[in-house]
Amino acid sequence: MISNKAKKQIDTWIQKYPKGRQSSAVMEALKIVQAENENSLSAEAIAEVADYLDMSSIAAAEVATFYENYNHKPVGKHTIRICHNISCMLNGADDLVFYLEKKLGVKTGQVTKNGLLNVKKVECLGACVGAPMFQIGDTYYENLTEKKIDDIVDKLK
């Protein structure tokens, strides 16, 4: 169920679009509902968003499965979204993914035992000049090295 608080937030986004085009707010609506559901979207939650926006469930599901910022299984409190596109790969991203997995004791897509962190490979975060890089929350971390990763991750613990 979408909370009243979430509905108010979604309504703010709906108002940004012409009357009858409320489905245009689907990306933000999914983001809001995901945040209220332990940072994960179930099929039921996606269907509720679709219903609230008066759009087909499949259309909302297409958005939720196309973009990598939506989670469909439980994730950690902090998701490390590491770019593995060409610029980052050429600058050592694959080695850093391996390093993160070893440091955290999990494989990509898994959550640490304490529920704090998970690593997710993503296609591109648009910061090629700072490759290799990753994102945690809304913050970009660029020109990564193992030492920088240690400093960043240790501050999250």
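The values are calculated or read from the model by the stated rules, or taken from the named source; none is laboratory data. Predicted model only: the values in this text are computed from it and were never measured. Methodologically, a virtual Cβ is constructed for each residue, glycine included, from the backbone with ideal geometry; neighbour enumeration extends over all protein chains shown.
Here are some notes:
- Yes/no for Y67 being closer than 30 Å to I14 by Cα and surrounded by fewer than 15 Cβ atoms within 10 Å (Cβ to Cβ): yes
- For G76, the criteria (1) in contact (Cβ under 8 Å) with a residue 12 or more places away in the chain; (2) in contact with a Ser or Thr (Cβ under 8 Å, 6 or more places away or on another chain); (3) farther than 30 Å from E44 by Cβ hold in every case but one, which is (3).
- Filtered by the rule that a residue be touching a strand residue (DSSP E or B) at 6+ places or on another chain (Cβ under 8 Å) and more than 20 Å from K31 (Cβ to Cβ), region 122-148 gives A127, G130, A131, P132, M133, Y141, L144, K148.
- Yes/no for A45 being over 23 Å from I32 (Cα atoms) and surrounded by 18 or more Cβ atoms within 10 Å (Cβ to Cβ): no
- Filtered by the rule that a residue be under 18 Å from the mean Cα position of the chain (by Cα) and either closer than 19 Å to G92 by Cα or buried (at least 16 other Cβ atoms within 10 Å of the Cβ) (or both), region 133-151 gives M133, F134, Q135, I136, Y140, Y141, E142.
- Of the residues making up region 90-123, those that are over 20 Å from the mean Cα position of the chain (by Cα) and either part of a loop (DSSP other than H, G, I, E, B) or aliphatic (A, V, I, L, M) (or both) number 4.
- Among the numbered conditions (1) assigned by TED's automatic domain parsing to the domain that holds Y141; (2) in contact with a Leu (Cβ under 6 Å, 6 or more places away or on another chain), the only one that L100 does not meet is (2).
- Test for N143: is it at pLDDT below 95 and among the polar types (S, T, N, Q): no
- Breaking point among (1) assigned to a helix (DSSP H, G or I); (2) of a type outside the set (A, V, I, L, M); (3) modelled with pLDDT under 95, for G126: (1)
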